[in-house]
Structures are given as C-alpha cells and as structure tokens.
Amino acid sequence: MAKQKFYVVWEGHKPGIYKSWDECQKQVAGFPQAKYKSFESATEAEKAFQGNYWKYVQSAKKPGPKQRVSRSAIIQESVAVDAACSGNPGDMEYRGVWVADGRQLFHVGPLKDGTNNIGEFLALVHALAMLKTQNKPSLTIYSDSKIAQGWVKKGKCNTKLEKTGRNDEIFNLIDRAEKWLAVNKITNPIIKWETEDWGEIPADFGRKS
C-alpha cells in the first residue's frame, strides 16, 4: 500500500492541506504560478503551510528568473475588484467590474477616513456576497491585494484605523463583512491579479500618479 502523503497548497484556487494528489491538482490546475509541495506527514505539512514556500523548495537557494504570465491566462468570465483612497486615511471607495468587458457591477463610496486596504477587503467580501446571491459559487474573483486576500482568508479586517466619527459607515461595513465571512463558506476562487504581466486590474480607478 502506498504511503499516505499530504499536499500543501500555498498559492492556488483554494490554499490549504490536501490528502491526495487529485484534491491538490484541482487547486493548482490552471492557476498562474501555483505553489505546492508534498510532505510525508500531517505535522510536516501543517508546519510548512504556516511557513514560507521558498523555504521548502530547492529553488529557494538559487531562484531563477520570474516566469512571465501570458494575458491568455486571464479568466474572462470573472469579477475584478479594486479600491482607491485619497490620503491615508482619506476618502475611500471600491468597486467590482466584469473582466470580459469592464462593465461595473458595484461601486461604493467615497467614504470618509478610510484606507485602501480596507477598501480592497470590503470589495472582495462584497463580490463574494454578490456571487453567492447570484448562485455562482465557482466564479473567479481577481484582486491585486495580497493583504486583503489574507484578511478575507482569516475572516477579519486586521486594520489599525482609528474611529473618527466620520468613518462610522466604514466600520459598520467592516462589521457586516466579518459577520458574513463567519457564517459563509468561501467557494469562489480568489486569484491574485498579475499586475506586472497584465497591467492594471480592470477595476482600477486610474488615479495613480
């Protein structure tokens, strides 16, 4: 009988630890620059999942040149989200668009005394909730913010923003978003938008200097 292996997916459609290659393959197939590796025990896999991918692969000692990701890899039938903030904190807004044609699906703000990271987080949760309502549990969502993706994964907006009275609406949205994440299972793949290879994300507000 073949020895049980455990597969860690650091970057894939749904990062996590999987007990079979078939399960792992579903998470990395078609995902640009997926990061995964097999381990001999659950303990090793759990430790690795909490650590850095490069620590566990040979290329960490001598990483090669970054491979370019072709625009043909972009999933057109998908949603892209982004946020913009004038100042930090400042007037914050966020939106989601349909990647195939740039059509705006939702837009919130501007709201007083917010941050860009909060906007990115709220945009992701807004998109997840919208797609759940539309019964589209497997539609891909693109975001160019690793911080926001991490907050969504943990189910908490880990911001240090202080309440000013002017940003009460933002904190109300954060509270609603965290409560939604607490009771809903995320099934939609959330993929990092490869800005370096693909240009700005379609939901970008175009206000960079």
- What is the set of long-range amide H partners of Tyr142 at a cut-off below 5 Å, with H atoms built 1.01 Å from backbone N? Val79, Ala80, Val81, Ile191
- Message: Please compute the length gained on full extension between Gln104 and Lys153, using 0.36 nm multiplied by the number of residues separating them and subtracting their Cα-Cα distance.
- Response: 15.2 nm
- Note on the structure: Distance in nm between Asn52 and Thr187 label points, each 7 Å along Cα→Cβ, equals 3.7 nm
- With P(r) over Cα pairs in 10 Å bins from 0, in percent in mind, check (i) 9, 34, 34, 17, 6, 1; (ii) 8, 31, 33, 21, 6, 1, 0; (iii) 8, 35, 37, 16, 4, 0 and report the label derived from this structure. (ii)
- Karplus-derived 3J(HN,Hα), 6.51/-1.76/1.60, for each residue of the stretch 12-20, Hz, glycine and proline x: x, 4, 9, x, x, 10, 10, 9, 8
- Highest-first arrangement of 87-93, 38-44, where packing means the average Cβ count within 10 Å: 87-93, 38-44
- Message: Can you list residues from other chains, or at least 5 along the same chain, whose modelled amide H is less than 5 Å from the amide H of Leu105?
- Response: Gly96, Val97, Trp98
- For the stretch 158-167, in order, what is each residue's ³J(HN,Hα) by Karplus, 6.51 cos²θ - 1.76 cosθ + 1.60 with θ = phi - 60°, in whole Hz (x at glycine and Pro)? 8, 9, 9, 4, 8, 6, 10, x, 6, 9
- Message: Could you compute how much accessible surface Val97 exposes when probed at 1.4 Å, giving the result in Å² to the nearest 10?
- Response: 0 Å²
- Note on the structure: Result for the stretch 95-205: accessible area per residue, probe 1.4 angstrom, in square angstrom, of 51 Å²
- Full extension between Lys179 and Ser20 adds, at 0.36 nm per residue less the Cα distance, a length in nm of 54.0 nm
- Message: Let me cross-check Glu46: its accessible surface, 1.4 Å probe, with only protein heavy atoms counted, in Å² to the nearest 10?
- Response: 110 Å²
- Query: What's the carbon and sulfur percent of the chain's accessible surface, probe 1.4 angstrom, rounded to a whole number?
  - Reply: 49 percent
- FRET efficiency for Ala29 and Asn172 from the Cβ-Cβ distance with R0 = 41 Å, rounded to 0.05, comes out at 0.55
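The values are calculated or read from the model by the stated rules, or taken from the named source; none is laboratory data. Remember, it's a predicted structure, so these values are computed and weren't measured experimentally. In this analysis, Cβ positions are derived from the backbone assuming ideal geometry, glycine residues included, and neighbour counts consider all displayed protein chains. All accessible areas refer to the heavy atoms of the entire protein, side chains included, with ligands and DNA or RNA removed. Shrake-Rupley method; radii C 1.70, N 1.55, O 1.52, S 1.80 Å.
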